[in-house]
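K.L.:
Dropping a structure here in structure tokens format, bear with me for questions.
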Amino acid sequence: MKEIWTTMASMLGVWAFCQSILHIVFPPEFRFASLKFLHRLFHWYSAYCYYDITEIDGVNTNELYNAVQLYLSSSASISGTRLSLTRGLNSSSITFGLSNNDRIVDLYKGAAVEWEHTVTQRQSQTFSWRPLPEERRAFTLRVKKKDKQVILDSYLDFVMEKANEIRRKNQDRLLYTNSRGGSLDSRGHPWESVPFKHPSTFDTLAIDPVQKAEIMADLVDFANGESFYRRTGRAWKRGYLLYGPPGTGKSSMIAAMANFLGYDIYDLELTEVNTNSELRKLLMKTSSKSIIVIEDIDCSINLTNRNTAGGGGANSGGRRNNNDASSHGIEDDGNSITLSGLLNFTDGLWSCCGSEKIFLFTTNHIEKLDPALLRSGRMDMHIHMSYCSFPALKILLKNYLGFLEDELQKELLDELEGVVNEAEMTPADISELLIKKRRDKNSAVMELLEELKNRVGRKRRKCGERNGAEEQEKRALDGPKDGCDQLQETCNKKNDGGNGCDDDDKFNQRKERRGSAASAR
């Protein structure tokens, strides 16, 4: 054992002597050049390429680093052995990430790539206006040279897209509203936001299933239609108009669309916007993948139908008839939004700010809106939110009482189906009735049936009374007419006999009364 330790000590001494000789004979510059040459030689014969993606690019944050971190979180949660867990701002889920100096392999179009997360201590830095983190973080991407072109052309773009999808999925939806009078918040933005946590989905939405499927298919085609809109030369936007009586679920439809697509909502209050220029600035500050909502647009500003208002019907399809449109704006309290400004907001050049945006208007009276606002290109899809139908009623019974279709008696379902359409009851009224009686499900259904029958009865009585009044009025109008005809015939006979009609004044008076009654009707 002693001989082994003696031999090792002698070898260490020889190594130290040789190292000192090398440092004396070969200067540092020569040693550095030799190591650099060997490094290049190694990479020349190596089958791999290496790319570093640092967390800080100069003094700015590298967005690609954050995107890679999010993208790898989905793979790291499955195949990773040592993970870091994070939860971002306004996020409702936990994100998995690679730990320090850990590696993971990813596949893309048959090419294998390796990601390594490296963390090293940063050297002592000099004075800086923006201090840098003490640790230097980076991702190292290793790919084969034969796959280099594929990775650089499309893989990194694919990583960015997937990261954005994960970010939208993990981040809570936001509901924005414009500040009063166009004022800016502390960050200089004209929009104020709160987390959007509306639970409405298409599964819980009480509308006809066929109509629901058409709306969902249209939304999917829009969200996946980037290449289509680019190929056809159209702005990547779409307009929807929800119209129908109050209480038919227009607001719930908006929330369901936002949750289905994962979009933020911008609730635009037109009464707080003073000018068309201010309206354009609000549009410029909206983000992509968002729904811009104007509720009850017929009540927000004066957008009455110019055809019924008199004149201007020939120009109803135009956008820039400023003289005509300016008469349909708000002039009170300094508000001068015009129809022309709103049309340019939805379909003009400024509507192309950003991409993947939905314009959604709601109204209770579609007949009051100007045709220029309703045409395709502005409001591409008109969705009628009607009274509760039988398919929608079954959805409400399932949502509020937990009843499935096969759990209710067929006779009861037949009775509900026979009266629900004629009753013209809104989903909101039915929901409120079911909420009050949800403790006793069977009693709630029977009370709902009774309420529907009562509404049908009242409607029929009103219809009968109206028909009776019309019939009575018709008889009242026909009575004077018959009397006048008989009097005219008598006068004619007397005239034929050579005698004049002594009752001409009476005849004229009855004729005048008949004309007055007809005009009153």
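K.L.:
Sort out which residues of the stretch 172-185 are at pLDDT below 80 and open to solvent by less than 70 Å² (accessible area, probe 1.4 Å), and write them in order of number. Write out each step before concluding.
P.N.:
Going residue by residue through the stretch 172-185, those that are at pLDDT below 80 are 172, 179-185.
Across the stretch 172-185, the qualifying residues are Asp172, Ser179, Gly181, Gly182, Ser183, Asp185.
K.L.:
When the residues of the stretch 351-381 are filtered to those that are acidic (Asp, Glu) and more than 19 Å from Met257 (Cβ to Cβ), which remaining residue is surrounded by the fewest Cβ atoms within 10 Å (Cβ to Cβ)? Give the steps one after another, and end with the answer.
P.N.:
Narrowing the stretch 351-381 to residues acidic (Asp, Glu): 356, 367, 370, 380.
Now drop any that are not more than 19 Å from Met257 (Cβ to Cβ), which leaves 367, 370.
On the way: Glu367: 10, Asp370: 24.
Only one residue fits best here, namely Glu367.
K.L.:
Across the stretch 263-289, what is the number of residues that are more than 16 Å from Ser193 (Cβ to Cβ) and either free of Cβ contacts under 8 Å to residues at least 12 places away in the same chain or open to solvent by 10 Å² or more (accessible area, probe 1.4 Å) (or both)?
P.N.:
9
K.L.:
Restricting to the stretch 210-220, what's the tally of residues that are farther than 24 Å from Cys352 by Cβ and either under 16 Å from the mean Cα position of the chain (by Cα) or surrounded by fewer than 14 Cβ atoms within 10 Å (Cβ to Cβ) (or both)?
P.N.:
Filtering the stretch 210-220 for residues farther than 24 Å from Cys352 by Cβ gives 210-217.
Keeping just the survivors that are either under 16 Å from the mean Cα position of the chain (by Cα) or surrounded by fewer than 14 Cβ atoms within 10 Å (Cβ to Cβ) (or both) gives 210, 212-217.
Residues flagged as farther than 24 Å from Cys352 by Cβ and either under 16 Å from the mean Cα position of the chain (by Cα) or surrounded by fewer than 14 Cβ atoms within 10 Å (Cβ to Cβ) (or both) within the stretch 210-220 amount to 7.
K.L.:
If Ser252 passes every condition in (1) under 25 Å from Lys368 (Cα atoms); (2) open to solvent by 10 Å² or more (accessible area, probe 1.4 Å); (3) in contact (Cβ under 8 Å) with a residue 60 or more places away in the chain but one, which one does it miss?
P.N.:
Result: Ser252 fails condition (3) only.
K.L.:
Hey, Tyr387 hits all of (1) surrounded by 18 or more Cβ atoms within 10 Å (Cβ to Cβ); (2) assigned to a loop (DSSP other than H, G, I, E, B); (3) in contact with a helix residue (DSSP H, G or I) (Cβ under 7 Å, 6 or more places away or on another chain); (4) not small (Gly, Ala, Ser) but one; which does it fall short on?
P.N.:
(3)
K.L.:
Quick check on the stretch 320-350: of everything there that is under 17 Å from Arg375 (Cα atoms), touching a helix residue (DSSP H, G or I) at 6+ places or on another chain (Cβ under 7 Å) and surrounded by fewer than 21 Cβ atoms within 10 Å (Cβ to Cβ), which residue is modelled with the highest pLDDT?
P.N.:
Asn344
K.L.:
Those residues that are open to solvent by 60 Å² or more (accessible area, probe 1.4 Å) and under 24 Å from Ala255 (Cα atoms), I need them from the stretch 221-241; list them, please. Give the derivation first.
P.N.:
The initial filter retains those residues of the stretch 221-241 that are open to solvent by 60 Å² or more (accessible area, probe 1.4 Å), namely 221, 224, 226-228, 230-234.
Scanning the stretch 221-241 gives Asp221, Asn224, Glu226.
K.L.:
Here's something else I'd like to know. Which of the numbered conditions does Ala444 fail, given that it passes all the others? Conditions: (1) touching a residue at least 12 places away in the same chain (Cβ under 8 Å); (2) open to solvent by 100 Å² or more (accessible area, probe 1.4 Å).
P.N.:
(2)
K.L.:
If I ask for residues that are under 30 Å from Ser386 (Cα atoms) and among the β-branched types (Val, Ile, Thr), which ones from the stretch 220-246 would you list? Working first, answer last.
P.N.:
Initial filter on the stretch 220-246 (under 30 Å from Ser386 (Cα atoms)): 220-225, 236-246.
Result: Val220, single match.
K.L.:
Turning to a different aspect of this structure: Kindly indicate whether Ser355 is at pLDDT 90 or above and not in a helix (DSSP H, G or I). Explain how you work it out, then say what you get.
P.N.:
Values: at pLDDT 90 or above: no; not in a helix (DSSP H, G or I): yes.
So Ser355 fails the test.
The values are calculated or read from the model by the stated rules, or taken from the named source; none is laboratory data. Quick caveat, the model's predicted, so the values are computed rather than measured. Cβ atoms come from the backbone with ideal geometry, glycine included; neighbour counts cover every protein chain shown. Surface accessibility is based on the protein's heavy atoms, side chains included, excluding ligands, DNA and RNA. Shrake-Rupley method; radii C 1.70, N 1.55, O 1.52, S 1.80 Å.
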